Each structure stands twice: as C-alpha cells, then as structure tokens.
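S.K.: Okay, handing you the structure first.
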Amino acid sequence: MTFDPSRIFETLDRHGVDYLTIGAWAVIAHGYVRATADIDFVARVDEENMARLAAALKELNARLRGVDADKLDIDPQDPRVLITGASFTMDTDAGPLDFLNDVPGAADYDDMRSRARQANAGGVTVWVVGYEDLLRMKEASGREQDLLDIHQLRDNRPSSQ
C-alpha cells in the first residue's frame, strides 16, 4: 500500500467533510517538518458531516486496522458507527488514516475550527488545528513523540503565528 496523503485530503475535500488535521500533519503545517506515515484528524460530529465522511471513507476503501479488526463487525463506512465511536484506526487504499472522536486536551470542535488554519498538502488545501490547540492536545497525550513535537514546535515557531 502506498501512502498518498494528497489523495486522502482531496477525497475528504471533494466530499465536503468538515474536519481538522491533527497529529504530525498539523505539526508540519506549524513549522516543524518530521516524517509521518498516517493522517490523524477530528471532524464535526453531526449526521450530515458523518454521512459525507462515510462516503469519503467508502471511496478510499477504509477498513479497520489491527489484529482481528475484520472480526469486530464495525463498519467505518457507516455514518451511524462514526457518530458513536471514539476512534477509528484505518487502512485505506491511499494509506493509514485515523479518525479520532475523543482526543485528550481537545477543545470543542467549533472552538478549534475557529482557530484553525489552512495549509497546503500536495496541492490540496488542508485545514489544520491551531497552534495552541495542537500544543494542548500534545501536552495532554504526554507520549514521548508528542513531547518532542512540543519542544520542536516552540523552538521552530515562525514569528507570524
């Protein structure tokens, strides 16, 4: 499977999904370039947006990732499932994709959306979580990589942010 983030972002955009990228793609957009092999995002959780997300996931042939994930009888292409789940770690035909509904340190989606910024990923406009929201989520996670990201973000922050 080839990791094609542009295809993932373009598919989400074409389906009109209201989402914010978090994780490494947001770190990159805020000035610290590091490697990543997946896309992490949050989205507005309402029936219409989850229907658009489900359609995008269907087009990307999304399926749960993990040991025996196929035996869980959870369909990440079903909008009703997307509304009620906490997180979905998936493989798609364009690479790994994680939809997270319950992110430690995350503010209300509308609040985060109001502070979000646009970035470019392979010619596709991508909405990423704002700098302070990203730091808050990374601090709440406390994982070693997240703490390193915080350090690098603070050291490499452009003066325009």
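S.K.: In deg cm²/dmol, rounded to 500, what helix-only [θ] at 222 nm does the chain give when every DSSP H run of at least 4 residues adds -39500 (n - 2.57) and the total is split over its residues?
M.R.: Working: 7 runs with 66 residues, N = 161.
Calculated mean residue ellipticity at 222 nm is -12000 deg cm²/dmol.
S.K.: Sum up the charges of everything whose Cβ sits under 15 Å from the Cβ of residue 4, counting Lys and Arg as +1 and Asp and Glu as -1, but leave residue 4 out. Numbers along the way, then the final one.
M.R.: Values: positive: 7, 14; negative: 10, 13, 38, 59, 91, 93.
It works out to a net charge of -4.
S.K.: Given Cα pairs under 8 Å that are at least 6 residues apart, what percent is the relative contact order of the stretch 5-155? Intermediate results must be reported in sequence, preceding the final value.
M.R.: Values: 247 pairs, mean separation 40.8, N = 151.
Averaging sequence separation for qualifying contacts and normalising by length gives 27 percent for the stretch 5-155.
S.K.: State, in angstrom, two size descriptors of the chain derived from its alpha carbons: Rg to one decimal place and Dmax to the nearest whole number.
M.R.: Expressed in Å, the Cα Rg and Dmax of the chain come to 15.1, 49.
S.K.: Moving to a separate point now. Working from Cα positions, state the angle (0 to 90°, nearest 10) between the long axis of helix 144-156 and the longest principal axis of the chain.
M.R.: On a 0 to 90 degree scale, this one is about 50.
S.K.: Moving on to the next point. What dipole magnitude, in Debye to the nearest 20, does the chain give about its Cα centre under +1 on Lys/Arg Cβ and -1 on Asp/Glu Cβ?
M.R.: Values: 18 positive and 29 negative charges, 95 e Å.
That gives a dipole near 460 debye.
S.K.: Same structure again: I want to check the label-to-label distance for residue 3 and residue 89. Put each point 7 Å from Cα in the C-beta direction and report it in nm to one decimal.
M.R.: Reported label-point gap for residue 3 and residue 89 is 1.5 nm.
Readers should treat all values here as calculations from the given coordinates under stated rules, not as data from a laboratory. Worth saying up front: this structure is predicted, and the values here are computed from it rather than measured. Cβ coordinates were reconstructed from backbone atoms using ideal geometry, including for glycine residues, and neighbour counts include every protein chain displayed.
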